[in-house]
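Chemist: The following block contains the structure, expressed as structure tokens.
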Amino acid sequence: MSRGIISPSEWLRPGVRRTTRGVHAVLLVLLFVIGLGPMLWLAKAAITPTQDTLRSPLALWPHGMDWANLATAWTRVEVDKYFLNTVALAAGSWLVQLLVATTAGFALSVLRPRYGKVITGVVLATLFVPSVVLLVPLYLTIVDPPLLKVSLINSFWAVWLPAGANAFNILLVQRFFDNLPREVFEAARVDGAGPFRLFWSVVLPMSRPILGVVSVFAIIAAWKDFLWPMLVLPDPDLQPLSVRLPALQRFVELDVFLAALAISTVIPVVLFAVFQRFFLKTGALQGAVKG
Amino acid sequence: MNSRIRGGGLSTLVFLLPLLLVFGIFSWIPIGRAVLMSFQETNLVTPSTFVGLQNFRDVLADPLLWTAIKNTLYFAFLALLFGYPVPLLAAVVMSEVRRFKGLYSALAYLPVVIPPVVAVLLWKFFYDASPSGVFNTILGAVGIGPISWLQDSAIAMPSLVLEATWAAAGGTVIIYLAALTGVSTDLYEAAEIDRASIWRKVWHITLPQLRGILLVTFILQIVGTAQVFLEPFLFTGGGPANSTTTLLLLIYDYAFANSLGGEYGMATALSIMLAVVLGVLSAIYFRVTRGWSKS
């Protein structure tokens, strides 16, 4: 392990070692309480009767557990439907983002047309435009889209298609493709591969790492999105969990509502637990490039 | 043609088609339309008409605008106060952890993983004003409270910021941890020859080398907090007494609160004014980050 702020000789001094260990232990306890505490509380509340949660929120099951909450939330409150909507929205946004980012990256970094710089410039310029500017005109575009004669309100396409216009993805993929060895492309070309073959059989298989990064960002962003799906999907039957949960709060009993909250948290937390290293690495990356 | 792989032909255009269509329809045209609409009276029934600077005048004359600016600045200020020093301190301490380092960063990052809407709704329950609310029970044990977290106009905004900080701090910690691995260790050795204490090393070597990333997280945080929407929208709806109405909430209200058709012109005028301010900040950000990738 590489050395840090505390030198090996300082580490040998018992005072330094004791203080450091003490500070680390305190930090660990704090992180458990702050980071894990609310989630453990939610997990407990999801299987606790309403009256117990209201009267003594911090007690551990004074009157037993109520597993039925989870089933009630899933079926009677139709969390299953909203959950599937969330999955469908995330999957579609993910596909559109991958399609746009990989084809564009391939065209701009591998094929390199002469006007490529202009397109890259116009794409990257949108990074400077905060998303709030798009809110109203994009909404009006969805109400009355060009080319189509049908409003996209209450259609999943209203969420899927705009998700593709993500300049950050293009930037990531382009940077990755720029660093692929060009000799491989030349060799493939000599062997008679056309641009489509080159894209599908050479470039895409080489770009798994960056596709993974783009996928994680795409799925997380879709899972978190609230304002946009709320605007373009007014029909409750089509809404994802994030949009539906605040409305549910008004007419669902507290214990069932908390169970619904717990269910919505499971997938992201499981994804995080499985791909922890990857999340933490891309999290740092996000800070280094995102605007 | 200097290379055998040089596009310019039809197949290149085919590959660019998804980008051109999606960005054209859902990004470039709407951005242009936003600028246009800010000078127009738009409704969904009759064609738009140009009204000059009327929308901007209407927005600037709205007394709520100044409330929203004040609230947004207050949110940004509190978010810096709560959320800026703590992740830095945590990251510096965590960088010296020798065992279970992964556990520390995973715990710190966990709140970031929870869907934001779930986090807000959960905290809304924690903020229950009755003595048996979760936070009031905890504070009651040490003789404080009960506090009306979201109902008192003096406390509502700090309550919102507290939740937002909890939800976001883990991401900042991870960014700092990554930056800390890049701090050059030679300087620590040089400092030890001069018998510098651990504190002096942190202050004179570690922090100065993080200058760049500190500026970046500072700007990212300002740009992010200027667009805060979810917390005021779900916690308080802007209340009590407009004490948590932020700029984005105001834009939303202009455009979408009235079901009979919104003040689209005013909404775009305000979002363009906000965008110009944020654009300047992001331009600074890009200059800084470009500066480091060269070094």
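What follows is calculated from the coordinates using simple rules that are stated; it is not laboratory data. Source: prediction; values computed, not measured. Glycine gets a Cβ as well: all are built from the backbone with ideal geometry, and neighbour counts include every protein chain shown.
Chemist: Which of these, A:THR48, A:THR103, A:THR19, has the largest mean-square fluctuation under a Gaussian network model of chain A (Cα springs below 10 Å)?
Modeler: Maximum fluctuation in the GNM of chain A, among the listed residues, is at A:THR19.
Chemist: Counting only residues 5 or more places away or on other chains, whose amide H sits under 5 Å from the amide H of B:GLN40 once H atoms are built in the peptide plane?
Modeler: Here B:VAL51 satisfy the definition.
Chemist: Based only on other Cβ atoms within 10 Å, what is the fewest-to-most ordering of B:VAL86, B:VAL216?
Modeler: On the way: B:VAL86 14, B:VAL216 22.
Taking fewest neighbouring Cβ atoms as first place, the list is B:VAL86, B:VAL216.
Chemist: In straight Cα distance, which aspartates and glutamates are under 15 Å from A:LYS117, not counting same-chain residues fewer than 8 positions off?
Modeler: In chain and number order, the partners are A:ASP178.
Chemist: Ok, one more. Taking θ as phi - 60°, what are the ³J(HN,Hα) couplings along region A:63-78 by the Karplus curve (6.51, -1.76, 1.60), each to the nearest whole Hz, with x for Gly and Pro?
Modeler: With coefficients 6.51, -1.76 and 1.60, one gets 10, x, 9, 9, 5, 4, 3, 5, 5, 4, 4, 5, 9, 5, 7, 6 Hz.
Chemist: Could I ask something else about it? How would you rank A:ARG112, A:ARG17, going from fewest to most other Cβ atoms within 10 Å of each one's own Cβ?
Modeler: Working: A:ARG112 17, A:ARG17 13.
Lowest to highest Cβ neighbour count: A:ARG17, A:ARG112.
Chemist: Shifting gears a bit: Counting residues in chain A as N, plug N into 2.2 N^0.38 Å and put the Cα Rg over that result.
Modeler: Numbers: Rg = 24.6 Å, N = 291, 2.2 N^0.38 = 19.0 Å.
Against the empirical 2.2 N^0.38 Å value, I get 1.30 for chain A.
Chemist: Which ³J(HN,Hα) values in Hz, rounded to whole numbers, follow from the phi angles of region B:123-130 under the Karplus curve 6.51 cos²θ - 1.76 cosθ + 1.60, where θ = phi - 60° and Gly and Pro get x?
Modeler: 5, 4, 5, 4, 7, 3, 6, 5
Chemist: Separate question: Calculated FRET efficiency, B:PHE77 and B:VAL51, Cβ-Cβ r, R0 25 Å, to nearest 0.05? Don't skip to the answer; put the middle values down first.
Modeler: Working: r = 35 Å, r/R0 = 1.41.
It comes out at approximately 0.10.
Chemist: Have a look at B:VAL51, B:LEU247, B:ALA191 and report the one farthest towards the positive end of the charge dipole of chain B, computed about the Cα centre with Cβ charges (Lys/Arg +1, Asp/Glu -1).
Modeler: Positive-end residue among those listed: B:ALA191.
Chemist: Let me ask another. Which of the chymotrypsin sites (Phe, Trp or Tyr not before Pro) across region A:1-72 are loop residues per DSSP, with 15 or fewer other Cβ within 10 Å? Provide the component values of the computation, followed by the final result.
Modeler: Working: sites: A:TRP11, A:PHE32, A:TRP41, A:TRP67; in loops: A:TRP67.
Here the sparse-neighbourhood loop sites are A:TRP67.
Chemist: A further question on this structure: Over chain A, what is the relative contact order in whole percent, taking alpha-carbon pairs under 8 Å and six or more residues apart? The partial results should precede the final answer.
Modeler: On the way: 228 pairs, mean separation 86.6, N = 291.
Relative contact order of chain A: 30 percent.
Chemist: Obtain the radius of gyration and the Kirkwood radius of the protein assembly as shown from its C-alpha atoms and give Rg over Rh. Can you show the working numbers first?
Modeler: Values: Rg = 25.7 Å, Rh = 26.2 Å.
Expressed as Rg/Rh, it is 0.98.
Chemist: State, to one decimal in nm, how far the label point of A:ARG197 lies from the label point of A:ASP178, with both points 7 Å from Cα in the Cβ direction.
Modeler: Here the answer is 3.0 nm between the modelled labels.
Chemist: In a shell of Cβ-Cβ distance under 12 Å around A:GLN239, excluding A:GLN239 itself, what net charge do Lys and Arg (+1) and Asp and Glu (-1) give?
Modeler: Numbers: positive: A:LYS81, A:ARG244; negative: A:GLU78, A:ASP225, A:ASP235, A:ASP237.
Its environment carries a net charge of -2.
Chemist: Any aspartates and glutamates with Cα under 16 Å of the B:LYS70 Cα? List them, leaving off those in the same chain fewer than 8 positions away.
Modeler: B:ASP62
Chemist: Please state, to two decimals, what the Cα-based radius of gyration of region A:7-75 comes to when divided by 2.2 N^0.38 Å (N = residues). Before the final figure, lay out each step's value.
Modeler: Working: Rg = 20.3 Å, N = 69, 2.2 N^0.38 = 11.0 Å.
Relative to the 2.2 N^0.38 Å estimate, region A:7-75 comes out at 1.84.
Chemist: Can you sort A:TRP157, B:TRP199 so the residue with the fewest Cβ neighbours within 10 Å comes first?
Modeler: On the way: A:TRP157 15, B:TRP199 9.
Final ranking by Cβ density, sparse to dense: B:TRP199, A:TRP157.
Chemist: ³J(HN,Hα) across region B:51-58 via Karplus (A = 6.51, B = -1.76, C = 1.60, θ = phi - 60°), whole Hz, x for Gly/Pro?
Modeler: Each residue of region B:51-58 in turn: 10, x, 8, 3, 4, 5, 4, 4 Hz.
Chemist: Taking only the alpha-carbon positions of chain B and ignoring solvent, what does the Debye formula give for the base-10 log of I(q)/I(0) at q = 0.07 Å⁻¹?
Modeler: Relative scattering, expressed as log10 I(q)/I(0), comes to -0.41.
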